[in-house]
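Enquirer: First the structure, then my questions, so here it is.
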Amino acid sequence: MIGRKIEIPKREMPSPLMIREAREVEAATLVRLKKQVFAETDSLLQSLEDYDGDVEEERYLVRRYRNLENSVLILALEGREAVGFLTLQGAHLQRSRHVAQLGIAVRKDRWGQGIGRALMDQGLEWAEKNPIIQKISLMVYEENQRAIELYEKYGFEQEGLLKNEVLLRNREQMIHLVVMGLTLDDQP
Ligand SMILES: CC(C)(COP(=O)(O)OP(=O)(O)OC[C@H]1O[C@@H](n2cnc3c(N)ncnc32)[C@H](O)[C@@H]1OP(=O)(O)O)[C@@H](O)C(=O)NCCC(=O)NCCS
């Protein structure tokens, strides 16, 4: 259920974690979170260079997610501060609107505390209840074993490989993208 409070069992947390759908008033903390995660990890397709961090634009995005029937933006909040987010972005075309693309990121200083799993739990629960979504897809760097493990725990399967899809200029390296998918009907 979106809005449930979750106590993270692994470690003492400064305040309880709240996992729920983002609200427009959270645009500013979402901007702070995105700026931080885009700066501290190379593992996301979006980088700080592609992000202008405009609060009004973020507010518009949050509103858009709330209004689209096949999309959701979920936040992990410690008090009023967002420390992680998960997006399920439903496709627009009639023949593919049953598919949502998943994106997830957690602030680095909170990694390994169960926040990723808490976000995945809520995201999948939302998708299972959603009358349109039947499949969740995602793309992940081949080297991002931490994320691949997380997805496999939820039943995602590797469906393909897009070779040299990412170019990391700071490392002068091209990276393959693993395409992963979970068809909700397939779940036990
Ligand atoms: C991937 C990510 C969201 C995981 O978030 P997290 O809060 O650290 O995840 P959790 O603490 O809930 O751990 C979930 C799983 O991740 C994996 N994991 C966690 N810590 C790990 C570590 N130190 N090494 C390897 N795998 C690890 C494990 O499979 C773990 O499951 P377990 O707790 O049952 O062992 C986070 O590392 C992140 O934001 N990374 C940068 C952005 C990114 O890569 N996003 C995905 C792009 S496709």
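Enquirer: Please identify the longest segment of the chain free of exposed GluC sites (Glu not before Pro), where exposed means a DSSP state other than H, G, I, E or B and no more than 12 other Cβ atoms within 10 Å. Could the numbers behind the result be given before it?
Expert: Numbers: sites that count: Glu7, Glu12, Glu69, Glu172.
The segment 70-171 is the longest one with no such site.
Enquirer: Express as a percent, rounded to the nearest 5, the fraction of DSSP beta bridges in the chain (both residues included) that run antiparallel.
Expert: 90
Enquirer: At R0 = 22 Å, how high is the FRET efficiency between Tyr154 and Ser43 if r is their beta carbon distance? Nearest 0.05 is fine. Provide the component values of the computation, followed by the final result.
Expert: Details: r = 18 Å, r/R0 = 0.81.
Between Tyr154 and Ser43 the formula returns 0.80.
Enquirer: Right, something else. From the backbone phi of region 96-107, what are the Karplus-calculated ³J(HN,Hα) couplings (6.51 cos²θ - 1.76 cosθ + 1.60, θ = phi - 60°) in whole Hz, Gly and Pro given as x?
Expert: Result, rounded to whole Hz: 10, 6, 7, 10, 10, 8, 9, x, 8, 7, 10, 4.
Enquirer: Now for a separate question. Could you pull out the trypsin sites (Lys or Arg not before Pro) across region 89-188 that fall in loop regions by DSSP (anything but H, G, I, E, B) with no more than 13 other Cβ atoms inside 10 Å?
Expert: Values: sites: Arg95, Arg97, Arg107, Lys108, Arg110, Arg117, Lys129, Lys135, Arg146, Lys153, Lys163, Arg169, Arg171; in loops: Arg95, Arg97, Arg107, Arg169, Arg171.
Of the trypsin sites (Lys or Arg not before Pro), the ones in loops of region 89-188 whose Cβ has at most 13 other Cβ atoms within 10 Å are Arg95, Arg169, Arg171.
Enquirer: Continuing with the same structure: Only four residue types carry charge here, +1 at the Cβ of Lys and Arg and -1 at the Cβ of Asp and Glu. Report the dipole size of the chain about the Cα centre in Debye, rounded to the nearest 20.
Expert: Values: 27 positive and 31 negative charges, 89 e Å.
The dipole magnitude comes to about 420 debye.
Enquirer: Going toward the positive end of the dipole of the chain, with +1 on Lys and Arg Cβ and -1 on Asp and Glu Cβ, which of Val55, Gln101, Ile136 do you reach last?
Expert: Checked the options; the winner is Val55.
Enquirer: Label point 7 Å out from Glu143 along Cα-to-Cβ: which residues of region 30-70 have amide N under 13 Å?
Expert: Inside the label zone: 41-44.
Enquirer: Any idea how far apart Tyr51 and Asp185 come out in nm if each label point goes 7 Å out from Cα toward Cβ?
Expert: If labels sit at Tyr51 and Asp185, their model points lie 3.7 nm apart.
Enquirer: If one computes the Cα centroid of region 41-101 and of region 149-176, what distance in Å separates the two points?
Expert: What the calculation gives is 20 Å, centre to centre.
Enquirer: Also, I was wondering about something else. With θ taken as phi - 60° and the coefficients 6.51, -1.76 and 1.60, list the Karplus ³J(HN,Hα) couplings across region 57-68 in order, rounded to whole Hz; mark glycine and proline as x.
Expert: 5, 5, 4, 4, 5, 4, 4, 4, 4, 5, 8, 7
Enquirer: Here's another thing I want to ask about it. Using a Cα distance threshold of under 22 Å, what count of lysine pairs results for the chain when pairs must be 8 or more residues apart or interchain?
Expert: Lysine pairs meeting the criterion: 9.
Each reported figure results from applying straightforward, stated rules to the coordinates on display, with no laboratory input. Predicted model only: the values in this text are computed from it and were never measured. Quick reminder, even Gly has a Cβ in these numbers, built from the backbone with ideal geometry, and neighbours come from all protein chains shown.
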